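Input: a single structure, listed below in structure tokens.
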Amino acid sequence: MRHFLTLNDISKDEILDILNIAKDIKKETLNKEYKPYLKDQFLAMIFEKSSTRTRVSFEVGIQQLGGKALFLSSRDIQLGRGEPIKDTARVLGGMVDMIMARVYKQSDLVELAKFSGVPVINGLSDDFHPVQLMADLLTLDELGLDIQNMKVAYIGDGNNMTNSWLMAASKLGFELRIATPKGYEVPQWVKSIALENAKSSGAIIQISNDPKEAISGVDVVTTDTWVSMGQEDEKAKKIADFAGFCVDKSMMSLAKDGAVFLHCLPAYRGYEVSEEVFEAHADEIFREAHNRLHAQKGVMVWCDRIRYE
């Protein structure tokens, strides 16, 4: 049984395969051709964290693929009342065809995958957000970038998005420069995995505390909110700690002329990105958001195709 828990769990060719599936399905969708790739299949969607893009992309996506979605808030099922994850996994695995979970702990996803007997998809955890990266890669491919040879700068917090960009770069082989404030660096264990992968892929990975150095001459600039869900009590401290890390017009000018700017949303203008930069790149950002639908359909179809490999 194969799952989609992190990009480190799958190969470069499998990442590209998912993107090709997503591109093909997107063409069909834009032509209003909804082929029932997952006819009569049921997707259980477990949400410990609320969501806009993740919920809509998976719920609409599975229905456009011919299946049905079940929204399961952790507050409404026994998981939220102390039932062991392995028991919830075994119950759901006997009733549905696939599980998508948006959780706090990556270890909870691993346990769901171990006991469910059906494909499990990481809709987000505190460690990784691989479905967002698939939408980002799909967007950059559509915008004409060579996703195996581009230069990307990530400016901001060393969080699940940073970790996912590291996995993507280290598998595909592109250059990734990360700049975080001191004290907010990428976890060492994630960095170690990425650097080990890079030995095979040829990826260039640079990690520093200097956003201007990281952004200089890159093809793509990306960032994320400084205050992730569940960290609102840290807002004042983070605003102070992240001084100088806002991607504004001055900083964006250091990137390659015509560079793409991405943001996984929600975006807080004046913090991680200025209003001016956000609106100048709004077409790219909302293409990225809309591509969550198509990328997530690609992930689900891929999981179904290889479930018995």
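Read the figures in this text as sums done on the coordinates, not as results from a lab. All figures in this text were calculated on a predicted structure; none of them were measured in a lab. Cβ coordinates were reconstructed from backbone atoms using ideal geometry, including for glycine residues, and neighbour counts include every protein chain displayed.
Note on D13/D146: beta-carbon distance plugged into 1/(1 + (r/R0)^6) with R0 of 22 Å gives a FRET efficiency of 0.85. Applied to segment 271-283, the Karplus parametrisation 6.51 cos²θ - 1.76 cosθ + 1.60 on θ = phi - 60° returns per-residue 3J(HN,Hα) values of 9, 6, 8, 7, 4, 5, 5, 4, 5, 5, 10, 4, 4 Hz, with x for Gly and Pro.
Here the ratio of the Cα radius of gyration of segment 38-93 to 2.2 N^0.38 Å is 1.20.
For the Cα trace of segment 197-309, dividing Rg by the Kirkwood Rh returns an Rg/Rh value of 1.04. Between amide H atoms placed 1.01 Å from N, distances below 5 Å from F261 occur with V221, all of them 5 or more places distant or on a separate chain. Could I have the simple spin-label model distance between E111 and K182, label points 7 Å from Cα toward Cβ, reported in nm to one decimal? If labels sit at E111 and K182, their model points lie 3.8 nm apart. When each of the peptides 164-177, 294-307, 145-158 is scored by the mean number of other C-beta atoms lying within 10 Å of its residues, the order from highest to lowest reads 164-177, 294-307, 145-158. All alpha carbon pair distances within segment 1-83 were sorted into 5 Å bins beginning at 0; the resulting P(r) in whole percents reads 3, 12, 16, 19, 22, 16, 6, 4, 1, 0.
How high is the FRET efficiency between I77 and S200 when r is their beta carbon distance and R₀ equals 45 Å, given to the nearest 0.05? It comes out at approximately 0.65.
Kirkwood's formula applied to the C-alpha pairs of segment 49-184 gives a hydrodynamic radius of 16.6 angstrom.
Using modelled backbone amide H atoms (1.01 Å from N, in-plane), which distant-in-sequence or interchain residues come within less than 5 Å of M100's amide H? The list, which skips near neighbours in sequence, is A44, M45, I46, I121.
Shape descriptor for the chain: Rg over Rh equals 0.96 (Cα atoms; Rh from the Kirkwood inverse mean 1/r). Distances over 24 Å make up what percent of all Cα-Cα pairs in segment 132-288? Here the long-distance tail beyond 24 Å is 26 percent of all Cα pairs in segment 132-288.
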